[in-house]
1. Set the Förster radius R0 to 30 Å, insert the Cβ-Cβ distance between residue 192 and residue 111 as r into 1/(1 + (r/R0)^6), and round the FRET efficiency to 0.05.
2. Taking θ = phi - 60°, what integer Hz values does the Karplus form 6.51 cos²θ - 1.76 cosθ + 1.60 yield along region 343-355, in sequence order, with x for Gly and Pro?
3. So, in Å, what gap is there between the alpha-carbon centers of region 122-186 and region 356-391?
4. Using Cα positions and a limit of under 17 Å, work out the aspartates and glutamates in reach of residue 396, with same-chain residues fewer than 8 apart set aside.
5. Cα centroids of region 214-249 and region 270-292: how far apart, whole angstrom?
6. Can you compute the modelled spin-label distance between residue 275 and residue 48, with each label point 7 Å from Cα toward Cβ, in nm?
7. Amide H neighbours of residue 55 under 5 Å, counting only residues 5+ apart in sequence or on other chains, H built in-plane at 1.01 Å?
8. Per residue, how big is the convex hull of region 289-411 when only Cα atoms are used? Give it in Å³.
Amino acid sequence: MTTSPVADDASAEIPDFPQPRAAVCPFDPSPELRGLASWGPLTRVRSWNDSTPWVVTGHAEQKTLLSDPRLSADFSHPGFPSPVPHTGGERPSTDLSFVGMDDPEHARLRRMVSGAFTIKRVEAMRPVVREMVDDFITRMLAGPKPADLVQALALPLPSLVISELLGVPYADHEFFQTNSKVLVSAVATPEERAAAHTNLYGYLDQLVGEKLARPGDDLLSGLAQQITAGELTRREAAAMGVLLLLGGHETTANMITMGTLLLLQHPEQLARVREADDPKVIVSAVEELLRYLSVVHLGRRRTALEDIEIAGRTIRAGEGVILLGELANRDPAVFPDPDRLDIGRDARHHQAFGAGTHHCLGQPLARMELQVVYPTLFRRVPTLRMAAEVADIPFKYDAVIYGVYELPVTW
């Protein structure tokens, strides 16, 4: 390549947007992706539709831009850098409630559910989640060896937690897990994604209708009350239900498996987790795993509403912007020796949950679940080990939330 990909001229020769992970380094960003950072904190890439959005690789630049109201999260902008093809002029099927909105509408809808995810509310759930983890581990230990940790613990735990919180019957977990898998696939067709979204929306709409008739003590019932009060439409409530159900189990499930696998590859770090008496050690370990793994590969995607000057570059109004957390979390200016896993590192300023008004609503819940899972699993099963070579594990290279399809373990 002879032309710098950071050129302002969108017609210049620029690289295709590379895959976030490569088979040669399943825990690290791909060499091609990391190569973008060598051009500076902002560079251009060519997307699947020949558009040339900006990619932001620097940690400081991401934090600044994610808090800048001149960047819009609205999927409907012509310059929005959609991660996957979609049909006609319709929005992509990943259009889930307030994720694709700007303030004040974004703030209005988000406020209606944010109370369920406060640190105080989430901490009150910790004893119940600990019982759930123990129960799943007990069942795994009573079953055959090797076991698939994905099906034994990683996927059912967050599915059960978010089901209890929302008021969704856990008995339907296979249905919503199957459709969620399609929505986070990078290779599903637009028609498949649209069908999966329709399935989940119809399911949540039916549940909202049931909560309107027979409210309970759960989040969907709270949304039903907002409908009755005229502050929310039923469509908005069902869309929020889809967002929370999907986001509440997919990311955490993949973090459980990837974190477990990574710790098994670093026995000295694993020992510190297993033997820790101080809860602060576990908190630190979870933050470092979130930084190191950065399992969300979709990127935070925005459109510039006005010209924005940053890092010596100009993002023009109407241009797309992709903010890649996995590169910000490996920024050596912020995290010295970033490719080294160190659970004693202060990694709290990672970008795994984003920043600004669109930071992940469920991050207190995800953190709490991970803080319970890792020490409980390794203390109860101190001899836990892989039952397959890393090279033989099916990683999710074809998904926008990275993980593994199965994780064979034994003890």
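1. According to the calculation, E is roughly 0.35.
2. With coefficients 6.51, -1.76 and 1.60, one gets 6, x, 5, 7, 10, 4, 8, 5, 10, 4, 9, x, 7 Hz.
3. 12 Å
4. Reachable aspartates and glutamates: 28, 148, 250, 326, 406.
5. Cα centroid to Cα centroid, the span is 35 Å.
6. Each label point is offset 7 Å from its Cα along the Cβ direction, giving 4.7 nm.
7. For residue 55, the qualifying residues are 43, 44, 45, 322.
8. 147 Å³
The values are calculated or read from the model by the stated rules, or taken from the named source; none is laboratory data. None of the values given here were measured: they were computed from a predicted structure. Methodologically, a virtual Cβ is constructed for each residue, glycine included, from the backbone with ideal geometry; neighbour enumeration extends over all protein chains shown. The accessibility values were calculated without ligands, DNA or RNA, using every heavy atom of the protein model including side chains. Shrake-Rupley method; radii C 1.70, N 1.55, O 1.52, S 1.80 Å.
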